[in-house]
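Inspection log for the structure reproduced underneath, given as structure tokens.
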Amino acid sequence: MSFAHFKAYTDRLYQTDKAFDDAQPNRLNRHRHLEPDSAEFLASLVISKRAKNILEIGTSTGYSTLWLGYALAQINRANTADSATLTSIDIDEWRLLTARNHLRTLQFDHNITLQQVDAKDFLRQSTAHFDVIFLDAERRFYVDYVADFKRLLTFGDMLIVDNVISHADEVAAFLSAFEQDSNYLCSTLSIGAGLFLAVKQSKD
Ligand SMILES: C[S@@+](CC[C@H](N)C(=O)[O-])C[C@H]1O[C@@H](n2cnc3c(N)ncnc32)[C@H](O)[C@@H]1O
């Protein structure tokens, strides 16, 4: 599939879901996709890192998952030795079903696992190694994830968080847990709603 075809599909999905979101008074009913600029930047980070094992927290209906899936497909096309994988989790069954349909339509369902689970439970139980973690879920719970992120992230791994400028107050304590820790190099990028990057720079 060409990039133009992929882009046209994801642009349509973004516009359709945005129109849906604009008509929802209740924030929790909205699909709340990350901005297209952020999605493309996320995919370029994943490709440049040649990520092997990606975790997304907050699938929604699959807009960001499609971009991660696209990056994954590019990595696997370039390197046939061992396949890169993506695990995307969400607490909402209907959104995951919708995301699965989009992934199937674009034939991105290889090496991608969608799982219905609370992020807190998933992280607490996980012993897997993820070299890229993309966090885009319910911000008030992020502080509960800090200890598990720090347990899971090893040298060179990258945590990416969306909405850190649009909702700066809500994520301040979470970001500070990384910014105040000399094991991490942290950056806040003014792309879309604001992306935060924390890269584990030490072996400890
Ligand atoms: C901002 S949306 C994700 C948008 C998606 N990343 C995108 O750009 O297309 C947040 C998602 O997090 C999910 N969510 C909320 N709380 C969660 C939790 N505790 N564990 C897992 N997923 C959760 C919601 O169901 C929702 O689909």
Check: Across 5 Å bins from 0, what is the distribution of all Cα-Cα pair distances for the range 76-181, in whole percents?
Finding: 2, 10, 18, 21, 20, 15, 9, 4, 0
Next item on the list: Determine the calculated [θ] at 222 nm for the chain from helices alone, applying -39500 (n - 2.57) to every DSSP H run no shorter than 4 residues and normalising by the residue count; nearest 500 deg cm²/dmol.
Entry: -13500 deg cm²/dmol
Check: Sorted by average packing, counted as other Cβ atoms within 10 angstrom per residue and highest first, what order do 82-90, 119-127, 23-31 take?
Finding: 82-90, 119-127, 23-31
Next item on the list: Using the number of other C-beta atoms within 10 angstrom as an exposure proxy, rank Val117, Val46 with the fewest first.
Entry: Val117, Val46
Next item on the list: Can you check what the net charge comes to around Phe134, using other residues whose Cβ is under 11 Å from the Cβ of Phe134 (Lys, Arg +1; Asp, Glu -1)?
Entry: -3
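Only the coordinates and a few stated rules stand behind these numbers; no lab work does. Since the structure is predicted, the reported quantities are computational estimates derived from the model, not experimental observations. Here the Cβ is made from the backbone with ideal geometry for all residues, glycine too, and neighbour counts use every protein chain on show.
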